[in-house]
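Student: Encoded as structure tokens, here's the structure I'll be asking about.
The values are calculated or read from the model by the stated rules, or taken from the named source; none is laboratory data. Not measured: the values here are computed from a predicted model. Reconstructed Cβ throughout: ideal geometry from the backbone, glycine too, with neighbour counts over all protein chains shown. Keep in mind that these areas ignore ligands, DNA and RNA; they rest on the heavy atoms of the full protein, side chains included. Shrake-Rupley method; radii C 1.70, N 1.55, O 1.52, S 1.80 Å.
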Amino acid sequence: MAPTNSLVFTVRRREPELIAPAKPTYREYKPLSDIDDQESLRFQIPVIQFYPYTPSMEGKDPVKVIRQALAKALVFYHPFAGRLREGPDRKLIVDCTGEGIMFIEADADVTLEQFGDALQPPFPCFEELLYDVPGSSGVLNCPLMLIQVTRLKCGGFIFALRLNHTMSDASGLVQFLTAVSEMANGESVPSVMPIWERHLFNARYPPRMTCTHHEYEGAANTEDPIIPLDDIVQRSFFFNPSEISTIRSFLPYSLRQSSTFEVLTAFLWRCRTIALDIDPNKEVRAISLANARSKFNPPIPMGFYGNGFALSTALTTARKLCQNPLAYALELVKQAKADITEEYMKSVADLMVIRGRPPFIMDGTFLVSDITRSGLIDVDFGWGKAVYAGVAAIGGKLMPWVISFFMRFNNKKGEEGIVVPICLPTLAMGKFVMLLDNMLKEQPLRSNSRL
């Protein structure tokens, strides 16, 4: 778990500015896809990356380098420099105005070393590292991206970003940031040229739902009555390879080769549900964000940077999830993942049009996104790879509290593993921590274990 950190420091910011494309771009209107503009993606997602001092970059200013690189990259990704408008039937359209993305230059009187093990959510003084410029955080008629680059006393820096999620998923964001890093390192064009092609994720005509979508059933009630929102706490949990092996040992041999994402999702879903003490008859869901690009035939072209994921949904009751062994939860997660096909994605797009772009149901839901292989930590502006790169915060006003992310992380012992931020009410968090500690300390059980 992330230790409680009392680190306090001061951040001095310059006035926010808009960074426009380095060259003139066309004024045009580009509709988002029917996957992009669903209600559940109409929020801002915060990302943060920490970069250490690099002697070879002595004398170079990361603020200046990144500012110039952004302007160059926006020539190719000019929709990011526009603003979202809402058309008939709540359809979102990018007005490619060329106004630019919002940028903040800052300095902090702290070193990277002082953060210690706090390089995982929640971050000390996070609001100062990604300042919420008044009037900038709306979905419509606002900058689609806000970036703050904060220099540190040690010569390192922090790159923090807030993205309107309707524009891109993790894969699309990393594609854009990779282009920015290439511009920062002297390239004149991106190695992967962006393509729009949002129509590939549009509804058919006429739209027709052909699959079952548990993630949207009952979605009119999006607030979870189980969770008192004024009592939410956030903690991060680190799982090293040994602990993940321990979790696998509770499974029958036939399931032990399941992916780490599947195993950890099932384990956390079950533990979280037990900790919340949910009504045994209540339906509970584990929703996994699954990249659906490869499910299409032909596959979605390289360079596509829109939202190309599905919400693979495992559904059961709290009683069945908590009373059955871990293998039960894992089988549900694996089956939901297998259900994602091209037809499923087309059916989702059709549902959005038929039902007016509903949100996914949050009541009784645990939603997880695996960004361990997104490439975010490999983005190099010239100072090498980040020592941390991932989501900056969950819950609160930034994004729904039910969402968690799996992110690559190396702790102070040099162990490489996965860090997972989780939000729960205070009482439930205490139960959750005890449950994880007890289970991870247990001796491996036989294949018929009731874990």
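Student: Helix-derived [θ] at 222 nm for the chain: sum -39500 (n - 2.57) over DSSP H runs of at least 4, divide by residue count, nearest 500?
Tutor: Taken over the chain, the calculation gives -7500 deg cm²/dmol.
Student: Quick one: which residues, 5 or more positions from GLY308 or on another chain, have an amide H under 5 Å from its amide H? H modelled 1.01 Å from N in the peptide plane, none for Pro or chain starts.
Tutor: Placed amide hydrogens put ASP169 under 5 Å from GLY308.
Student: OK, next. Pop a pseudo-label 7 angstrom from the Cα along the beta-carbon direction at both MET434 and LEU7 and give the gap in nm to one decimal.
Tutor: 3.1
Student: When Rg is the radius of gyration of the Cα atoms in the chain and Rh is its Kirkwood radius, what does Rg/Rh come to?
Tutor: Rg divided by Rh gives 0.96.
Student: Probe of 1.4 angstrom, ligands and nucleic acids ignored: what's the accessible area per residue over the stretch 1-102, in square angstrom?
Tutor: In whole numbers, the stretch 1-102 has 48 Å² accessible per residue.
Student: Counting only residues 5 or more places away or on other chains, whose amide H sits under 5 Å from the amide H of SER33 once H atoms are built in the peptide plane?
Tutor: So SER33 has HN proximity to no qualifying residue.
Student: Here's another thing I want to ask about it. Lys and Arg at +1, Asp and Glu at -1: add these up for the other residues within a Cβ distance under 12 Å of ALA71 and post the number.
Tutor: That works out to +3.
Student: Stokes-Einstein at 37 °C, 0.692 mPa s, Kirkwood radius from Cα pairs: D for the stretch 243-311 in µm² s⁻¹?
Tutor: In µm²/s, the coefficient is 220.
Student: Report the convex hull volume per residue for the stretch 175-300, counting only C-alpha atoms, in Å³.
Tutor: Measuring per residue, one finds 257 Å³ for the Cα hull of the stretch 175-300.
Student: Here's a follow-up. For the chain, the longest stretch holding no GluC sites (Glu not before Pro) located in a DSSP loop with at most 11 other Cβ atoms within 10 Å is which?
Tutor: 224-451
Student: Tell me, Kirkwood radius of the stretch 276-354 from alpha-carbon pair distances, in Å?
Tutor: 14.3
Student: So, one more: Using a 1.4 angstrom probe on heavy atoms only, work out the carbon and sulfur share of the accessible area of the chain in %.
Tutor: 52
Student: Could you point to the residue in PRO121, ASN291, ALA327 farthest towards the positive end of the chain's charge dipole, with +1 and -1 charges on the Cβ of Lys/Arg and Asp/Glu respectively?
Tutor: Result: ALA327.
Student: Where q = 0.10, 0.12, 0.24 Å⁻¹, what log10 of I(q)/I(0) comes from the Debye formula for the stretch 330-424, counting one point per Cα?
Tutor: The calculated log intensity ratios at q = 0.10, 0.12, 0.24 Å⁻¹ are -0.42, -0.59, -1.27.
Student: Note the per residue figure in Å³ for the convex hull of the C-alpha positions in the stretch 45-170.
Tutor: Expressed per residue, the convex hull around the Cα atoms of the stretch 45-170 is 123 Å³.
Student: Go from 0 up to the bin containing the longest alpha carbon distance in the stretch 30-108, width 10 Å each, and give me the % of pairs per bin.
Tutor: Values per bin, smallest distances first: 14, 35, 29, 15, 6, 0.
Student: Counting pairwise Cα distances across the stretch 100-215, what percent come out greater than 17 angstrom?
Tutor: 70
Student: DSSP loop chymotrypsin sites (Phe, Trp or Tyr not before Pro) in the stretch 257-355 with at most 13 other Cβ atoms within 10 Å of their Cβ, which ones?
Tutor: none
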